[in-house]
Amino acid sequence: MSEKRDVAIIGAGPGGYVSAIRLSQLGKRPCVIDIDEARLGGVCLNEGCVSVKSLISNASKGRDIREMVSRSQEAVSALKSGLKSLFKKNGIEFISGKAKLLPGKKINVSQNGGKSAKIEADNIIIATGSSPNIPQGVIIDGESSITSNEAIKLEKLPKTMLVVGAGAIGVELASLFFRLGTKVTLIEALSRILPFEDEEVSKALARILAKKGMEVLTGRTIEPADKTAFEKILVVTGRKPNIDGLGLEDAGVKTKDGFIACDGKMRTSVKGIYAAGDVLNTPMYAHVAYREGIIAAEDICGVKVEPIDYENVPHVIFSDPEVAGVGLTEIQAKEGGYDIAVSKYFFKANAKAVIGKKDDGFVKIIADKKTRKLLGVHIIGEGATEIIHEFVLAKSAGLTVDAITKMVHAHPTLSEIAGEGAMAVFGKPIHG
């Protein structure tokens, strides 16, 4: 006999727990299913966003890595306690076990000791996240060859490290271990690091990292000799959705290109079954999963929802220096047929950046000459991950570059880079 629930959510990560809270706020009684309550917060909290950024914020040469990992785990524990309190406050039930979809909006939950439970729900949200994607032929032993999951829990700092993959995670972890004193070699199979960022930004970061002493190699893949040449090999070559063994086919849920297929309201091919987060072919960011989870929850409750405009979603990288962007790159804008105006404003002209001796980098703004609206903004430099949000709001609201130039930015702040950068698009910045 099945136990009936309003909504059953598979996965306790950003897409799952946020949708559960929103459902509760709207009067539903959801349950969340995951392997163990220790997984509350998902990869983001336990091995990803929060854990990595906690380590980065405390990183400096000579620091005891065990102390740093301990402080990181303290932050994770504090945030997890907060989530548990939110679950209790909102009356959200947590069910431990491995979930598998069955026909008819039913779920089999395999639990410890060979036990199992059947859950039936009016609606289901799939939010099982993603895991490291390991290239064919590469063996991860957890010791000499590791993924990001093991990297953030190392108790001894390696003398040498090969970081395989120069996407966001690879660049962040390479920056982290380099700052701690490890001799880092960062390799990327494609022609440049951060291959999906604006070309000028990715090339600038490569130059800055190399200038600091990191070896950065492009057009290079892992080789047999690397196993003995480096104390640790960190493989960060992307992520894949956790959908294997989930019973999608049995439940009738369709996939496309290895991801769950859904519409802008997060509805899958089966009525009443939704999906959110990394299981979808949308940007693999926790902040995207948050919003997708909210949309799924609100649609279930009959709230009118608007699909996400993914072009207005910011992407941020906590490298050293930071990188952030929103919208089109210069190449994409040209390929899209836009007549563009492009400006670059350098951090060296900003008082706050100079005061803090963090003046590497620039903001690059791409605007439509005809409408004067933002097409894309790309930043490399101190505070880039915060500065970008002024541009996200402006672009989402359809504001012109002129609206940013007319805004008064406090002095001395890094935010002035946004105002001066905007002035540079169709005129001249004061301090440029």
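Values computed for the structure shown
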item: Where GluC sites (Glu not before Pro) fall in DSSP loop in segment 113-201, at most 15 other Cβ within 10 Å; result: E143, E155
item: Cα convex hull volume per residue for segment 1-76 (Å³); result: 89 Å³
item: Considering only the chain, percent of DSSP beta bridges that pair antiparallel, nearest 5; result: 55 percent
item: Globularity index of segment 72-218, i.e. its alpha-carbon radius of gyration over 2.2 N^0.38 Å; result: 1.44
item: R0 of 45 Å, Cβ-Cβ distance K265-L217: FRET efficiency to nearest 0.05; result: 0.55
item: Cα centroid separation, segment 23-98 to segment 193-212 (Å); result: 31 Å
item: Whether segment 252-395 is rounded, prolate or oblate, judged on the alpha carbon gyration tensor where a/c under 1.5 counts as rounded; result: prolate
item: Extension gain, K203 back to K240 (0.36 nm per residue minus Cα-Cα distance, nm); result: 10.6 nm
item: FRET efficiency, 1/(1 + (r/R0)^6) with R0 51 Å, evaluated for A210 and D122 via beta carbons; result: 0.35
item: Among S57, V69, I10 the positive-end extreme of the charge dipole of segment 1-99 (Cβ point charges); result: S57
item: Cα-Cα separations in segment 145-237 greater than 24 Å, expressed as whole percent; result: 13 percent
item: Cα-projected label distance for H431 with K183, points at 7 Å along beta-carbon direction, nm; result: 4.0 nm
item: Rounded to 5, the percent of DSSP beta bridges in segment 1-155 classed as antiparallel; result: 40 percent
item: Cysteines in the chain that, by Cβ-Cβ distance, have no pairing candidate under 4.7 Å; result: C31, C262, C301
item: Anisotropy class of the chain from Cα gyration tensor, a/c 1.5 cut; result: oblate
item: Length released on extending from T160 to S110, taking residue separation times 0.36 nm less the Cα-Cα span; result: 13.8 nm
item: Nearest-20 debye value, the chain charge dipole, Cβ charges on Lys, Arg, Asp, Glu; result: 540 debye
item: All-pairs Cα distance distribution in segment 175-227, expressed in whole percent, bin size 10 Å; result: 24, 51, 24, 1
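Coordinate-derived values only; no laboratory data. In this text the structure is predicted, and so the values were computed from the model without any measurement. Cβ coordinates were reconstructed from backbone atoms using ideal geometry, including for glycine residues, and neighbour counts include every protein chain displayed.
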